[in-house]
Amino acid sequence: MGFFKETIRNVPLSGDTVLVRADYNVPLDNEGNISDDLRIKASLPTLRYLLKRGCKVVIISHLGRPEGHEKKYSLEPIANRLSELLKKEVTFVDDTVGDTVYQAVRRAPKNSVLLLENLRFYEEEEKDSHAFAKAIVRSTRAAYFVQDGFGVVHRAHASTHALTLYLPSVAGLLLEKEYSTITKAMSAPKQPLVAIMGGAKVSDKIGVIERFVAIADKILIGGAMANTFLAYRGLGTGASKVESDQKETLDRLYTAAAAKVGAGNVDDFIILPVDVAVAPRIDPSEKRHIRAVTAIAADDIALDVGDKSIEIIAAHIASAKTVIWNGTLGYAELPEFAHGSARLALALATHPDIKSIIGGGDTADFALKWDGGTGNSFSHVSTGGGASLDLMAGKKLPGVESLLDARN
Ligand code: 3PG
């Protein structure tokens, strides 16, 4: 299915005041510096499009999960970074609704950018409050609402749902690109499609894994979730993290896999590591020790896929036409246990003919750092974490559903 919502290209914009929902929920380091600006960079095409048409662009976003007005979650540093990237002044407004906002928007000339303070400083945002949405519309006097915060469209909040009831609401270019790229790869991928699933928990990603059982040619499992799979297949996992409550889920998954490929071929379809890199504790000083998955000792913690598994993964990549990767293959914060993820990134980067889609969150952070911050080594690095998972799992996204339908 293609993109089925109206976008900024479908509405007549000329010098209007346009309210843009971005997702500037970016990672900050301990000093409050932005450690990854992918989401800010990804918002630029829509902003430039609107500026070219003389619009007054008023941006709203959340940052983190503040409890009330917590200064450390202010969007002011984002305004500064956005201004550098746009090479244009960005006026930061110290509130989200009310007279301060009204006056700032009124004073701003056409072809200008304002960023309002963190939406989540108001509890009404997460409550999908209509009164709050109306207050934003009244304060900004916007003519259109543009949803471009792909990373947050799986939430039904005031800025993803209620607002759309009070303004003509269309998608921005980032939302359109993310939605189209991911749904196309899931519904009409060039085959073979290899899905690589990692990260901490099976339970977080089961919807997506089930979808891959239906559509992928191979599913490769890594990360801490591989321990849960190995334990389910009767192997000892030592002191590794295992989800002990996933038996029924995995029964269901393996039954579906057996129905698709035949019971005798399941282990060649859902491919688990044959070896793992272990350490007795999670610490930067620990070195990786390789163990066959049949020989994990009681005090071993599996922290990465092992060297043979890495070669198997690379071989599967080499014969793929589409690769969808979600979840790091090991404890990638520690370089010693990032070998699997780094080798996977290299395999994708050296096969530019493969359509490679990297699902957001930690995986996108890792891929971008590996790539020197550009993401150019891959076909698509998603800005969405939960949103890309929900989209891949085939769920409806409230922030997309509520936009004007292009099919009517
Ligand atoms: C994200 O980073 O996944 C989005 O910005 C949503 O943030 P949330 O999980 O705090 O709602």
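Based on the Cβ-Cβ distance of L346 and K190, what FRET efficiency does E = 1/(1 + (r/R0)^6) give at R0 = 22 Å, to the nearest 0.05? Kindly include the intermediate steps, with their values, before the conclusion.
On the way: r = 21 Å, r/R0 = 0.96.
Once the sixth-power term is evaluated, E becomes 0.55.
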**OP:** Return the loop-located GluC sites (Glu not before Pro) in region 256-345 (DSSP other than H, G, I, E, B) with at most 13 other Cβ atoms within 10 Å of their own Cβ; answer none if there are none.
**Re:** E333
Subject >> Surface accessible to a 1.4 Å probe, Y144 within the full protein complex, Å² >> reply: 40
Subject >> Separation of the D283 and K260 label points, Cα + 7 Å toward Cβ, nm >> reply: 4.2
Subject >> Pair V274, R9: separation of 7 Å Cα→Cβ label points (nm) >> reply: 4.7
Subject >> Amide N of region 5-44 lying under 14 Å from the label point, which is placed 7 angstrom from the Cα of K88 along Cα→Cβ >> reply: 14-20, 43-44
Original post:
Counting each DSSP H run of 4 or more residues in the chain as -39500 (n - 2.57), what helix-only mean residue ellipticity at 222 nm follows after dividing by all residues, to the nearest 500 deg cm²/dmol?
Top reply: -10000 deg cm²/dmol
Original post:
What angle do you read, to the nearest 10 degrees and between 0 and 90, between the alpha-carbon axis of helix 307-318 and the longest principal axis of the chain?
Top reply: 60
Original post:
By how many degrees, between 0 and 90 and to the nearest 10, does the Cα long axis of helix 76-86 differ from the longest principal axis of the chain?
Top reply: 90
Subject >> Net +/- balance of residues flanking T255 in space, Cβ distance below 13 Å, scoring K and R +1, D and E -1 >> reply: 0
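For region 58-149, what class follows from the C-alpha gyration tensor (a ≥ b ≥ c being the square roots of its eigenvalues): rounded when a/c is under 1.5, otherwise prolate if a/b is larger than b/c, else oblate? Mind showing how you got there, number by number?
Working: a/c = 1.73, a/b = 1.16, b/c = 1.49.
Here region 58-149 falls in the oblate category.
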Subject >> Amide H within-cut-off set for V20, under 5 Å, with H built and near neighbours excluded >> reply: V58, I59, I60, V146
**OP:** Could you calculate the contour length gain from K321 to L165, that is, 0.36 nm times the residue separation minus the distance between their Cα atoms, to one decimal place in nm?
**Re:** 52.0 nm
**OP:** Could you please tell me the mean projected area of the C-alpha convex hull for region 96-157, averaged over all directions and given in square nanometres to one decimal?
**Re:** 4.5
Original post:
What number comes out for the charge environment of G373, summing +1 per Lys or Arg and -1 per Asp or Glu over other residues with Cβ under 12 Å away?
Top reply: -2
Original post:
To the nearest 10 Å², what's H289's accessible area with a 1.4 Å probe?
Top reply: 90
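Once the piece of chain linking R211 and E311 is laid out straight, how much longer is it, given 0.36 nm per residue of separation minus the C-alpha distance between them? Walk me through the numbers before you get to the answer.
Values: separation 100, 0.36 × 100 = 36.00 nm, distance 2.57 nm.
Between R211 and E311, full extension yields 33.4 nm more.
With the convex hull built on the Cα atoms of region 221-307, state its orientation-averaged projected area in nm².
Values: hull surface 22.3 nm².
Orientation-averaged projected area of the Cα hull: 5.6 nm².
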**OP:** Pull up the DSSP beta bridges for the chain and report the antiparallel fraction as a percent, rounded to 5.
**Re:** 20
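Among rounded, prolate and oblate, which fits the chain when a ≥ b ≥ c are the square roots of the eigenvalues of its C-alpha gyration tensor, a/c under 1.5 means rounded, and a/b larger than b/c means prolate?
Working: a/c = 2.21, a/b = 1.86, b/c = 1.19.
Taking the square roots of the gyration eigenvalues as a ≥ b ≥ c, the chain is prolate.
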Subject >> Angle between the chain longest axis and helix 339-349 axis [Cα atoms, degrees, rounded to 10] >> reply: 60
Subject >> Listed residue pairs exceeding 24 Å between alpha carbons, taken from K184/K218; K87/K127; K260/K395; K52/K134; K247/K355 >> reply: K87/K127; K52/K134; K247/K355
Subject >> GNM flexibility winner over the chain from L175, L230, L163 (Cα, springs under 10 Å) >> reply: L230
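The values are calculated or read from the model by the stated rules, or taken from the named source; none is laboratory data. Not measured: the values here are computed from a predicted model. Neighbour counts run over all protein chains shown; Cβ positions are idealised from the backbone, glycine included. The accessibility values were calculated without ligands, DNA or RNA, using every heavy atom of the protein model including side chains. Shrake-Rupley method; radii C 1.70, N 1.55, O 1.52, S 1.80 Å.
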